[in-house]
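Enquirer: First the structure, then my questions, so here it is.
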Amino acid sequence: MAGWSLFSSDIAVDLGTANTLIWAKGRGIVLNEPTIVAFDRTTRHLIALGHEAQAMVGKTHRDIRVVRPLKDGVIADFEIAESMLRAFIRRVSHGLLPPRRVIVCVPVGVTEVEKRAVRDSAEHAGAKDVHLLAEPMAAAIGVGIDVHEPMGNMIVDIGGGTTEIAVIALSGIIVEESIRIAGDEMTNAIIQYFRRQYGMLIGERTAEVIKCQIGSAIPLEEEYEIEVRGRNLVSGIPQMIRVSSEEIRQALEEPIAAIVQAVLSLLERVPPELAADIYDRGIVLTGGGALLKGLDKRLEQATELPVHVAEDPLTAVVRGGGKVLEHFEQYQTVLLKPYRL
Ligand code: ADP
Ligand code: MG
(Lines give C-alpha, C1' and ligand atoms only; values in the text may rest on other atoms or scores of the structure.)
(Ligands and ions follow the chains in the order given, each with its own letter.)
Protein backbone atom coordinates (compact mmCIF):
# COMPACT_ATOMS: atom_id res chain seq x y z
CA MET A 1 0.00 0.00 0.00
CA ALA A 2 1.17 3.51 -0.74
CA GLY A 3 2.89 5.29 2.12
CA TRP A 4 3.70 2.13 4.03
CA SER A 5 7.24 1.22 4.76
CA LEU A 6 8.95 -1.58 6.58
CA PHE A 7 10.51 0.91 8.92
CA SER A 8 8.28 2.59 11.42
CA SER A 9 8.99 6.26 12.07
CA ASP A 10 10.70 7.89 15.03
CA ILE A 11 8.33 9.20 17.67
CA ALA A 12 7.91 11.78 20.43
CA VAL A 13 5.83 10.77 23.43
CA ASP A 14 4.03 13.01 25.93
CA LEU A 15 3.62 10.55 28.76
CA GLY A 16 1.21 12.67 30.79
CA THR A 17 -0.43 11.69 34.06
CA ALA A 18 -3.84 12.11 32.43
CA ASN A 19 -3.20 11.66 28.70
CA THR A 20 -0.56 10.03 26.54
CA LEU A 21 0.06 11.52 23.10
CA ILE A 22 2.44 10.32 20.41
CA TRP A 23 3.82 12.24 17.47
CA ALA A 24 5.25 10.17 14.62
CA LYS A 25 7.88 11.77 12.44
CA GLY A 26 6.40 13.05 9.22
CA ARG A 27 2.89 12.04 10.31
CA GLY A 28 1.97 14.30 13.24
CA ILE A 29 -0.14 13.21 16.23
CA VAL A 30 -0.96 9.53 15.83
CA LEU A 31 -2.17 8.69 19.33
CA ASN A 32 -4.11 10.61 21.99
CA GLU A 33 -5.46 8.40 24.77
CA PRO A 34 -6.01 8.58 28.53
CA THR A 35 -3.03 7.24 30.51
CA ILE A 36 -5.10 4.40 31.95
CA VAL A 37 -4.54 0.67 31.99
CA ALA A 38 -6.78 -2.25 32.89
CA PHE A 39 -5.00 -5.44 33.83
CA ASP A 40 -5.67 -8.84 35.28
CA ARG A 41 -4.90 -8.86 38.99
CA THR A 42 -3.45 -12.35 39.04
CA THR A 43 -1.58 -12.65 35.74
CA ARG A 44 -0.81 -8.87 35.47
CA HIS A 45 -1.58 -9.10 31.76
CA LEU A 46 -2.91 -5.98 30.08
CA ILE A 47 -6.61 -6.19 29.29
CA ALA A 48 -7.29 -2.73 27.95
CA LEU A 49 -5.56 0.60 27.42
CA GLY A 50 -6.50 4.23 26.99
CA HIS A 51 -10.11 5.05 26.14
CA GLU A 52 -11.10 1.42 26.41
CA ALA A 53 -9.67 1.16 29.93
CA GLN A 54 -11.18 4.52 30.88
CA ALA A 55 -14.65 3.22 30.10
CA MET A 56 -14.04 0.55 32.76
CA VAL A 57 -13.14 2.96 35.58
CA GLY A 58 -15.29 2.28 38.62
CA LYS A 59 -17.14 -0.55 36.85
CA THR A 60 -14.75 -3.49 37.12
CA HIS A 61 -15.17 -6.79 38.94
CA ARG A 62 -12.53 -8.08 41.32
CA ASP A 63 -10.21 -9.77 38.81
CA ILE A 64 -9.66 -6.59 36.83
CA ARG A 65 -7.82 -3.58 38.14
CA VAL A 66 -7.88 -0.24 36.36
CA VAL A 67 -5.03 2.11 37.23
CA ARG A 68 -3.47 5.35 36.19
CA PRO A 69 0.18 4.33 36.44
CA LEU A 70 1.48 7.90 36.52
CA LYS A 71 -1.10 9.25 38.89
CA ASP A 72 0.92 11.74 40.91
CA GLY A 73 3.01 13.12 38.13
CA VAL A 74 5.59 10.45 38.42
CA ILE A 75 5.58 6.75 37.74
CA ALA A 76 3.54 5.16 40.51
CA ASP A 77 3.75 1.65 39.13
CA PHE A 78 6.90 1.00 37.08
CA GLU A 79 5.95 -2.40 35.71
CA ILE A 80 2.50 -1.36 34.54
CA ALA A 81 3.77 1.97 33.20
CA GLU A 82 6.36 0.15 31.16
CA SER A 83 3.92 -2.33 29.62
CA MET A 84 1.57 0.54 28.86
CA LEU A 85 4.25 2.57 27.11
CA ARG A 86 5.33 -0.49 25.14
CA ALA A 87 1.76 -1.24 24.12
CA PHE A 88 1.16 2.35 22.98
CA ILE A 89 4.40 2.33 20.98
CA ARG A 90 3.48 -1.01 19.43
CA ARG A 91 0.10 0.37 18.48
CA VAL A 92 1.55 3.30 16.53
CA SER A 93 4.18 1.08 14.91
CA HIS A 94 1.42 -1.02 13.27
CA GLY A 95 3.24 -4.19 14.20
CA LEU A 96 6.17 -3.17 12.02
CA LEU A 97 9.65 -2.37 13.24
CA PRO A 98 9.85 -0.38 16.48
CA PRO A 99 10.89 3.28 16.27
CA ARG A 100 14.63 3.83 16.45
CA ARG A 101 14.61 7.26 18.00
CA VAL A 102 12.17 8.08 20.79
CA ILE A 103 11.84 11.41 22.61
CA VAL A 104 9.90 11.21 25.87
CA CYS A 105 8.61 14.37 27.54
CA VAL A 106 8.94 14.14 31.34
CA PRO A 107 8.02 16.45 34.24
CA VAL A 108 10.79 18.79 35.44
CA GLY A 109 10.60 17.27 38.91
CA VAL A 110 11.42 13.77 37.70
CA THR A 111 14.05 11.87 39.71
CA GLU A 112 17.06 10.00 38.28
CA VAL A 113 15.36 6.68 39.06
CA GLU A 114 12.29 7.72 37.13
CA LYS A 115 14.38 8.97 34.21
CA ARG A 116 16.07 5.59 34.13
CA ALA A 117 12.69 3.83 34.20
CA VAL A 118 11.33 5.90 31.31
CA ARG A 119 14.48 5.31 29.30
CA ASP A 120 14.42 1.57 30.01
CA SER A 121 10.76 1.30 29.03
CA ALA A 122 11.42 2.95 25.68
CA GLU A 123 14.43 0.71 25.14
CA HIS A 124 12.44 -2.38 26.01
CA ALA A 125 9.94 -1.26 23.39
CA GLY A 126 12.77 -1.54 20.88
CA ALA A 127 14.08 2.03 20.70
CA LYS A 128 17.82 2.46 20.22
CA ASP A 129 18.15 6.19 20.71
CA VAL A 130 16.11 7.53 23.62
CA HIS A 131 16.07 11.20 24.66
CA LEU A 132 14.26 12.97 27.45
CA LEU A 133 12.77 16.44 27.14
CA ALA A 134 11.41 18.53 30.04
CA GLU A 135 7.69 19.12 29.64
CA PRO A 136 7.66 22.93 30.00
CA MET A 137 10.43 23.11 27.39
CA ALA A 138 8.37 20.92 25.06
CA ALA A 139 5.29 23.04 25.76
CA ALA A 140 7.19 26.26 24.97
CA ILE A 141 8.44 24.84 21.67
CA GLY A 142 4.98 23.47 20.93
CA VAL A 143 3.32 26.86 21.25
CA GLY A 144 5.84 28.36 18.85
CA ILE A 145 8.22 30.16 21.21
CA ASP A 146 11.78 30.50 19.91
CA VAL A 147 13.47 28.93 22.92
CA HIS A 148 16.96 29.60 21.61
CA GLU A 149 16.79 33.38 21.92
CA PRO A 150 18.15 35.27 24.94
CA MET A 151 14.61 36.10 26.03
CA GLY A 152 12.71 34.96 29.08
CA ASN A 153 9.46 33.06 28.51
CA MET A 154 7.26 31.73 31.25
CA ILE A 155 5.21 28.57 30.85
CA VAL A 156 2.63 27.22 33.29
CA ASP A 157 1.61 23.69 32.28
CA ILE A 158 -1.35 22.42 34.31
CA GLY A 159 -1.79 18.70 33.71
CA GLY A 160 -3.61 16.01 35.65
CA GLY A 161 -1.06 15.27 38.38
CA THR A 162 1.36 18.18 38.31
CA THR A 163 1.55 21.86 37.55
CA GLU A 164 4.91 22.64 36.01
CA ILE A 165 6.06 26.22 36.02
CA ALA A 166 9.23 27.27 34.27
CA VAL A 167 11.08 30.22 32.86
CA ILE A 168 12.95 29.36 29.68
CA ALA A 169 15.71 31.26 27.88
CA LEU A 170 18.70 30.35 25.69
CA SER A 171 17.51 26.73 25.19
CA GLY A 172 17.45 26.04 28.91
CA ILE A 173 15.23 26.16 31.96
CA ILE A 174 16.34 29.01 34.22
CA VAL A 175 13.98 28.50 37.15
CA GLU A 176 11.39 25.81 37.64
CA GLU A 177 8.79 24.63 40.07
CA SER A 178 6.68 21.52 39.99
CA ILE A 179 3.78 21.07 42.39
CA ARG A 180 1.55 18.06 42.72
CA ILE A 181 -1.59 20.13 42.54
CA ALA A 182 -3.31 20.22 39.16
CA GLY A 183 -6.39 18.82 37.42
CA ASP A 184 -6.73 15.72 39.64
CA GLU A 185 -6.72 17.85 42.78
CA MET A 186 -9.46 20.01 41.31
CA THR A 187 -11.54 16.92 40.52
CA ASN A 188 -10.91 15.59 43.99
CA ALA A 189 -11.93 18.90 45.56
CA ILE A 190 -15.30 18.56 43.82
CA ILE A 191 -15.76 15.01 45.15
CA GLN A 192 -14.96 16.22 48.68
CA TYR A 193 -17.35 19.14 48.33
CA PHE A 194 -20.29 16.84 47.50
CA ARG A 195 -19.41 14.57 50.37
CA ARG A 196 -19.24 17.44 52.88
CA GLN A 197 -22.02 19.60 51.58
CA TYR A 198 -24.60 17.04 50.49
CA GLY A 199 -23.48 13.76 52.04
CA MET A 200 -23.34 12.46 48.50
CA LEU A 201 -20.74 10.23 46.92
CA ILE A 202 -19.95 11.01 43.29
CA GLY A 203 -17.57 9.21 40.94
CA GLU A 204 -14.32 10.58 39.58
CA ARG A 205 -15.64 10.74 36.03
CA THR A 206 -18.71 12.65 37.16
CA ALA A 207 -16.59 15.13 39.12
CA GLU A 208 -14.34 15.66 36.11
CA VAL A 209 -17.30 16.37 33.85
CA ILE A 210 -18.63 18.91 36.38
CA LYS A 211 -15.20 20.58 36.50
CA CYS A 212 -14.88 20.83 32.72
CA GLN A 213 -18.47 21.96 32.15
CA ILE A 214 -19.06 24.49 34.91
CA GLY A 215 -15.81 24.77 36.89
CA SER A 216 -14.33 28.27 37.08
CA ALA A 217 -11.67 30.35 38.78
CA ILE A 218 -13.45 33.72 38.72
CA PRO A 219 -17.14 34.79 38.70
CA LEU A 220 -18.68 34.08 35.29
CA GLU A 221 -20.74 36.49 33.20
CA GLU A 222 -23.44 33.89 33.23
CA GLU A 223 -23.49 31.34 36.04
CA TYR A 224 -24.65 27.79 35.28
CA GLU A 225 -26.49 24.96 37.02
CA ILE A 226 -26.25 21.27 36.37
CA GLU A 227 -27.79 18.05 37.62
CA VAL A 228 -25.46 15.67 39.39
CA ARG A 229 -26.12 12.03 40.15
CA GLY A 230 -24.49 10.05 42.90
CA ARG A 231 -25.18 7.94 45.94
CA ASN A 232 -26.41 9.21 49.27
CA LEU A 233 -23.84 8.36 51.94
CA VAL A 234 -26.44 7.74 54.65
CA SER A 235 -29.30 5.99 52.86
CA GLY A 236 -27.08 4.39 50.21
CA ILE A 237 -29.68 5.24 47.59
CA PRO A 238 -28.88 6.90 44.24
CA GLN A 239 -29.91 10.54 44.19
CA MET A 240 -29.80 13.64 42.02
CA ILE A 241 -29.16 17.25 43.02
CA ARG A 242 -28.70 20.53 41.16
CA VAL A 243 -25.55 22.55 41.77
CA SER A 244 -24.45 25.96 40.57
CA SER A 245 -21.16 27.09 39.10
CA GLU A 246 -20.76 29.39 42.15
CA GLU A 247 -20.68 26.37 44.42
CA ILE A 248 -18.21 24.53 42.23
CA ARG A 249 -15.98 27.61 42.14
CA GLN A 250 -15.97 27.59 45.92
CA ALA A 251 -15.08 23.89 45.88
CA LEU A 252 -12.16 24.55 43.52
CA GLU A 253 -10.77 27.48 45.48
CA GLU A 254 -8.10 25.59 47.41
CA PRO A 255 -6.28 23.93 44.48
CA ILE A 256 -6.62 27.08 42.37
CA ALA A 257 -5.17 29.26 45.13
CA ALA A 258 -2.27 26.82 45.46
CA ILE A 259 -1.49 27.06 41.74
CA VAL A 260 -1.68 30.87 41.85
CA GLN A 261 0.62 30.85 44.88
CA ALA A 262 3.16 28.62 43.11
CA VAL A 263 3.23 30.98 40.12
CA LEU A 264 3.78 33.98 42.42
CA SER A 265 6.58 32.28 44.31
CA LEU A 266 8.35 31.27 41.10
CA LEU A 267 8.11 34.86 39.85
CA GLU A 268 10.02 35.94 42.94
CA ARG A 269 12.91 33.74 41.88
CA VAL A 270 13.20 35.04 38.30
CA PRO A 271 16.42 36.99 37.63
CA PRO A 272 15.64 40.69 36.90
CA GLU A 273 16.57 40.78 33.19
CA LEU A 274 14.28 37.86 32.53
CA ALA A 275 11.58 39.37 34.72
CA ALA A 276 11.63 42.35 32.37
CA ASP A 277 11.01 40.03 29.39
CA ILE A 278 8.16 38.31 31.19
CA TYR A 279 6.65 41.68 32.05
CA ASP A 280 6.44 42.34 28.30
CA ARG A 281 5.53 38.89 27.08
CA GLY A 282 3.43 37.56 29.91
CA ILE A 283 2.74 33.96 30.83
CA VAL A 284 1.60 31.13 28.57
CA LEU A 285 -0.76 28.48 29.97
CA THR A 286 -0.70 24.95 28.58
CA GLY A 287 -2.06 21.53 29.64
CA GLY A 288 -5.70 20.59 30.12
CA GLY A 289 -5.99 22.67 33.32
CA ALA A 290 -5.46 25.80 31.21
CA LEU A 291 -9.01 25.23 29.92
CA LEU A 292 -10.60 25.84 33.31
CA LYS A 293 -12.88 28.85 32.83
CA GLY A 294 -11.37 32.11 34.05
CA LEU A 295 -8.06 30.64 35.20
CA ASP A 296 -6.16 32.96 32.84
CA LYS A 297 -8.00 36.01 34.24
CA ARG A 298 -7.43 34.82 37.79
CA LEU A 299 -3.69 34.59 37.14
CA GLU A 300 -3.73 37.98 35.43
CA GLN A 301 -5.32 39.53 38.49
CA ALA A 302 -2.82 37.91 40.83
CA THR A 303 0.34 38.62 38.83
CA GLU A 304 -0.67 41.79 36.96
CA LEU A 305 0.91 40.21 33.89
CA PRO A 306 -0.71 39.28 30.59
CA VAL A 307 -1.71 35.59 30.60
CA HIS A 308 -2.40 33.69 27.37
CA VAL A 309 -3.99 30.28 27.04
CA ALA A 310 -2.13 28.35 24.36
CA GLU A 311 -4.03 27.29 21.30
CA ASP A 312 -5.01 23.64 21.83
CA PRO A 313 -3.29 23.45 25.25
CA LEU A 314 -3.74 19.66 25.56
CA THR A 315 -1.42 18.97 22.61
CA ALA A 316 1.23 21.66 23.22
CA VAL A 317 3.76 19.28 24.81
CA VAL A 318 3.57 16.58 22.12
CA ARG A 319 3.67 19.18 19.34
CA GLY A 320 6.86 20.52 20.92
CA GLY A 321 8.31 17.03 21.18
CA GLY A 322 7.35 16.51 17.55
CA LYS A 323 9.12 19.68 16.49
CA VAL A 324 12.30 18.57 18.25
CA LEU A 325 12.05 15.23 16.47
CA GLU A 326 11.49 16.80 13.06
CA HIS A 327 14.38 19.27 13.48
CA PHE A 328 16.58 17.17 15.70
CA GLU A 329 19.94 18.77 14.92
CA GLN A 330 18.61 22.25 15.60
CA TYR A 331 17.18 21.24 18.98
CA GLN A 332 19.97 19.07 20.47
CA THR A 333 20.66 21.60 23.20
CA VAL A 334 17.15 21.55 24.66
CA LEU A 335 17.22 17.84 25.52
CA LEU A 336 17.87 16.73 29.09
CA LYS A 337 21.41 15.58 29.63
CA PRO A 338 21.51 11.79 30.10
CA TYR A 339 22.89 12.00 33.60
CA ARG A 340 23.29 14.91 35.92
CA LEU A 341 26.95 15.24 36.88
P1 ADP B 1 -1.24 15.44 31.66
O2 ADP B 1 -0.20 16.18 30.91
O3 ADP B 1 -0.93 15.30 33.12
O4 ADP B 1 -1.60 14.14 31.03
P5 ADP B 1 -3.25 17.08 30.42
O6 ADP B 1 -2.48 18.25 29.97
O7 ADP B 1 -3.65 16.08 29.39
O8 ADP B 1 -2.55 16.34 31.64
O9 ADP B 1 -4.56 17.64 31.16
C10 ADP B 1 -5.46 16.79 31.78
C11 ADP B 1 -6.19 17.53 32.85
O12 ADP B 1 -6.88 18.64 32.28
C13 ADP B 1 -7.23 16.65 33.51
O14 ADP B 1 -7.17 16.84 34.92
C15 ADP B 1 -8.53 17.19 32.94
O16 ADP B 1 -9.61 17.02 33.82
C17 ADP B 1 -8.19 18.66 32.75
N18 ADP B 1 -9.07 19.32 31.79
C19 ADP B 1 -9.31 18.97 30.51
N20 ADP B 1 -10.22 19.80 29.95
C21 ADP B 1 -10.57 20.69 30.92
C22 ADP B 1 -11.48 21.80 30.98
N23 ADP B 1 -12.22 22.16 29.95
N24 ADP B 1 -11.58 22.49 32.16
C25 ADP B 1 -10.83 22.13 33.21
N26 ADP B 1 -9.96 21.11 33.23
C27 ADP B 1 -9.83 20.40 32.10
MG1 MG C 1 1.27 17.17 30.33
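Enquirer: Considering (1) outside any helix (DSSP H, G or I); (2) more than 30 Å from Arg281 (Cα to Cα); (3) not acidic (Asp, Glu), say which one Ser121 fails and leave the rest.
Expert: (1)
Enquirer: May I pose another question? Looking at (1) away from ligand 2 (no atom under 16 Å from the Cβ); (2) under 19 Å from Thr35 (Cα atoms); (3) touching a residue at least 60 places away in the same chain (Cβ under 8 Å), can you tell me which one Asp77 breaks?
Expert: (3)
Enquirer: So is Arg231 open to solvent by 90 Å² or more (accessible area, probe 1.4 Å), in contact with a Leu (Cβ under 8 Å, 6 or more places away or on another chain) and outside any strand (DSSP E or B) or not? Talk me through it step by step, then tell me what you get.
Expert: Working: open to solvent by 90 Å² or more (accessible area, probe 1.4 Å): yes; in contact with a Leu (Cβ under 8 Å, 6 or more places away or on another chain): yes; outside any strand (DSSP E or B): no.
It is false that Arg231 is open to solvent by 90 Å² or more (accessible area, probe 1.4 Å), in contact with a Leu (Cβ under 8 Å, 6 or more places away or on another chain) and outside any strand (DSSP E or B).
Enquirer: Write out, first by first residue and then by second, each pair whose Cβ atoms fall under 9 Å of each other, whose residues are 6+ apart or on separate chains, and whose first residue, in segment 12-35, is closer than 10 Å to Cys105 by Cα and part of a loop (DSSP other than H, G, I, E, B) while the second is near ligand 2 (Cβ under 10 Å from one of its atoms) and among the small types (Gly, Ala, Ser).
Expert: Final answer for the pair search is Gly16/Gly159; Gly16/Gly160; Gly16/Gly161; Gly16/Gly287; Gly16/Gly288.
Enquirer: Can you tell me which of (1) in contact with a Lys or Arg (Cβ under 7 Å, 6 or more places away or on another chain); (2) without any contact (Cβ under 8 Å) to a residue 24 or more places away in the chain is the one Val57 doesn't meet?
Expert: Unmet for Val57, out of (1) in contact with a Lys or Arg (Cβ under 7 Å, 6 or more places away or on another chain); (2) without any contact (Cβ under 8 Å) to a residue 24 or more places away in the chain: (2).
Enquirer: Given the conditions (1) in a helix (DSSP H, G or I); (2) modelled with pLDDT under 90, report the number of the one that Ile89 does not fulfil.
Expert: (2)
Enquirer: Considering segment 44-78 alone, what residues qualify as being at pLDDT 85 or above and open to solvent by 80 Å² or more (accessible area, probe 1.4 Å)?
Expert: So the first thing to find is which residues in segment 44-78 are at pLDDT 85 or above, and the list is 44-56, 63-70.
Scanning segment 44-78 gives Arg44, His45, His51, Glu52, Asp63, Arg65.
Enquirer: Looking only at residues in segment 92-106 that are open to solvent by 20 Å² or more (accessible area, probe 1.4 Å) and assigned to a loop (DSSP other than H, G, I, E, B), which one is modelled with the highest pLDDT? Working first, answer last.
Expert: Taking segment 92-106 and keeping what is open to solvent by 20 Å² or more (accessible area, probe 1.4 Å), we get 94-98, 100-101.
If we keep only those that are assigned to a loop (DSSP other than H, G, I, E, B) too, we end up with 94-98, 100.
Details: His94: 77, Gly95: 67, Leu96: 75, Leu97: 82, Pro98: 84, Arg100: 91.
Only one residue fits best here, namely Arg100.
Enquirer: Please give the number of the condition Thr111 fails out of (1) away from ligand 2 (no atom under 15 Å from the Cβ); (2) open to solvent by less than 60 Å² (accessible area, probe 1.4 Å); (3) β-branched (Val, Ile, Thr); (4) under 30 Å from Ile181 (Cβ atoms).
Expert: (2) is the only condition that Thr111 fails.
Enquirer: Looking only at segment 128-146, which residues are closer than 19 Å to Asp312 by Cβ, crowded, with 24+ Cβ neighbours inside 10 Å and aliphatic (A, V, I, L, M)?
Expert: Listed by number, the residues that qualify are Leu133, Met137, Ala138, Ala139, Ala140, Ile141.
Enquirer: Are there strands (runs of 3 or more DSSP E) fully within segment 144-213 with at least 3 residues that are in contact (Cβ under 8 Å) with a residue 40 or more places away in the chain, more than 16 Å from ligand 2 (Cβ to nearest atom) and more than 22 Å from Glu246 (Cβ to Cβ)? List them.
Expert: Details: elements: 153-158, 163-169, 172-179.
Passing ranges, in order: 172-179.
Enquirer: Do you know which of the residues in segment 277-301 that are touching a residue at least 40 places away in the same chain (Cβ under 8 Å) and open to solvent by 40 Å² or more (accessible area, probe 1.4 Å) is farthest from ligand 1 (Cβ to nearest atom)? So that I can check it myself, show each step before the final result.
Expert: At the first step, the residues of segment 277-301 found to be touching a residue at least 40 places away in the same chain (Cβ under 8 Å) are 277-278, 281-295, 297-299, 301.
Applying the additional criterion that residues be open to solvent by 40 Å² or more (accessible area, probe 1.4 Å) yields 281, 291, 293, 297-298, 301.
Details: Arg281: 22, Leu291: 3, Lys293: 7, Lys297: 14, Arg298: 13, Gln301: 19 Å.
Here the answer is Arg281.
The values are calculated or read from the model by the stated rules, or taken from the named source; none is laboratory data. On a predicted model such as this, the values are computed, not experimentally measured, just so you know. Glycine gets a Cβ as well: all are built from the backbone with ideal geometry, and neighbour counts include every protein chain shown. Heads up: the accessible areas ignore ligands, DNA and RNA and are worked out on the full protein's heavy atoms, side chains in. Shrake-Rupley method; radii C 1.70, N 1.55, O 1.52, S 1.80 Å.
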